[in-house]
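Colleague: Provided herewith is a single structure, encoded as structure tokens, for subsequent inquiry.
Read the figures in this text as sums done on the coordinates, not as results from a lab. The model shown is predicted, which means the values in this text are computed figures rather than measured ones. Cβ placement follows ideal geometry from the backbone for every residue including glycine, while neighbour counts extend to all protein chains displayed.
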Amino acid sequence: MKTSNSLLQPIEFLQTLIQNGGPQPSEYTKLNRVINLLAEEYKAGNLSPIDLQIFQKSFGEECLEKTLHGHSLTRPYGYAGDFMIIDKIYREHITDDKRFEKWDIFWCSLAACNAVRNRKEYFKRTLTSRLQHTPHLQLLNVASGPARDLYELYAQIQPEQLSTVCIEADDRAIAYAKELNKAHLDRIAFINKNIFRYRADQQYDIVWSAGLFDYFNDDIFVKLLKRLVSWTKPGGEVIIGNFSTENPSRNLMELFGDWYLEHRSHNHLVNLALQAGIDREAIYVGEEAERVNLFLHIKV
């Protein structure tokens, strides 16, 4: 890999970490600085796409096969942010191969991974709060993935309080989620369909989608948001999760994991809701503790 003189020391530092099987916690700050520097150089054209690929492959096949960032980079299910890596993040998965565990410990410490776990807690907190004021809710969960959030939620509530329909395009995710939620399949229905081909035959009290809209451009975001609002009962709520522009893990996700998202600010989300014809008074943007995942709330 050809590098400018300004990149020699950062690259040497990364190569040392690779040889050592990952960073120690005392090296996290420097590693993040190096990653941000590499991102700047890449965007400036001083690091070519070929150079980046050479660097990514320098971790070695075994490391990429067994670590979280390797999972992200190699996409074993064919797409970024698949159900399995999300569930691994939920569970703070650490590879059982001691040679590479430091990389997983580092990844699990990232603000973005903390935010994904907080997203699950945000979901449970939102639903349990609503259930305190109503005897029964109907939930539509769009792009439900591993459905660990449902698994944990149903363990906290009276199951008969909640009826859930999950729309998921990946049949492997549905199989995984069904096994995880097998105790409550009488309360949870899974529909294997692309959301753009789904036509709801009823309206719901809450329509939830986290981890989907930040893969869409603004036009598609607005188009799908209008559809979700039409599937929501009067007095109900649509809640859309989206990664914030303040995500400090963005450069690492993109350079290490080839994981690109449409990051949006509070104001951007509000403006998209306004474009969808939503009254300003019906729009609220929440956030989880890391302030990395935002949640667009729309009262219908």
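Colleague: Please list the equivalent ellipsoid semi-axes of segment 185-261, computed as the square roots of five times the alpha-carbon gyration tensor eigenvalues, in descending order and whole angstrom. Don't jump to the answer; show the numbers that get you there.
Modeller: Details: eigenvalues 156, 44, 32 Å².
The answer is 28, 15, 13 Å, longest axis first.
Colleague: What's the extension gain from Asp258 to Ile50 if we count 0.36 nm per residue and subtract their Cα-Cα distance? List each step's numbers first, then the result.
Modeller: On the way: separation 208, 0.36 × 208 = 74.88 nm, distance 1.33 nm.
That works out to 73.6 nm of additional length.
Colleague: Which of Lys88/Lys182; Lys57/Lys178; Lys57/Lys120 have a Cα-Cα distance over 30 Å? The partial results should precede the final answer.
Modeller: On the way: Lys88/Lys182 19 Å; Lys57/Lys178 35 Å; Lys57/Lys120 32 Å.
Violating the 30 Å Cα-Cα cut-off are Lys57/Lys178; Lys57/Lys120.
Colleague: Within the chain, what percent of beta bridges assigned by DSSP are antiparallel, to the nearest 5?
Modeller: On the way: 12 of 32 bridges.
Here the antiparallel bridges make up roughly 40 percent for the chain.
Colleague: Using θ = phi - 60° and the Karplus form 6.51 cos²θ - 1.76 cosθ + 1.60, what ³J(HN,Hα) does each residue of segment 66-80 get, whole Hz, x for Gly and Pro?
Modeller: Taking θ as phi minus 60°, the curve returns 10, 10, 5, 5, x, 4, 4, 6, 8, 6, x, 9, x, 8, 6 Hz for segment 66-80.
Colleague: Convert 25 °C to kelvin, take the viscosity as 0.890 mPa s, use the Kirkwood radius over C-alpha pairs of segment 131-268 as Rh, and evaluate the Stokes-Einstein diffusion coefficient in µm²/s, rounded to a whole number.
Modeller: On the way: Rh = 16.2 Å.
Estimated diffusion coefficient is 152 µm²/s.
Colleague: Let me see the pair-distance distribution of the chain: every alpha carbon pair, 10 Å bin width, integer percents in order.
Modeller: 6, 26, 32, 21, 11, 3, 0
Colleague: Sticking with this one: Hey, what's the Cα Rg ratio for segment 12-149 versus the globular rule of thumb, 2.2 N^0.38 Å? Can you show the working numbers first?
Modeller: Working: Rg = 18.3 Å, N = 138, 2.2 N^0.38 = 14.3 Å.
Normalised Rg, Cα atoms only: 1.28.
Colleague: A follow-up question, please. Quick one: what are the phi-derived ³J(HN,Hα) couplings along segment 234-246, Karplus 6.51/-1.76/1.60 with θ = phi - 60°, whole Hz, x for glycine and proline?
Modeller: Going residue by residue, I get x, x, x, 8, 9, 10, 10, x, 7, 5, 7, 5, 8 Hz, with x marking Gly and Pro.
Colleague: Here is a further query. With +1 on each Lys and Arg Cβ and -1 on each Asp and Glu Cβ, how big is the dipole of segment 136-268 about its Cα centre, in debye rounded to the nearest 20? Don't skip to the answer; put the middle values down first.
Modeller: Values: 14 positive and 18 negative charges, 76 e Å.
For segment 136-268, the charge dipole is close to 360 debye.
Colleague: What is the Rg over Rh value, at two decimals, for segment 1-58, using alpha-carbon atoms and the Kirkwood definition of Rh? Working shown, then result.
Modeller: Values: Rg = 11.2 Å, Rh = 11.7 Å.
Over the Cα atoms of segment 1-58, Rg/Rh equals 0.95.
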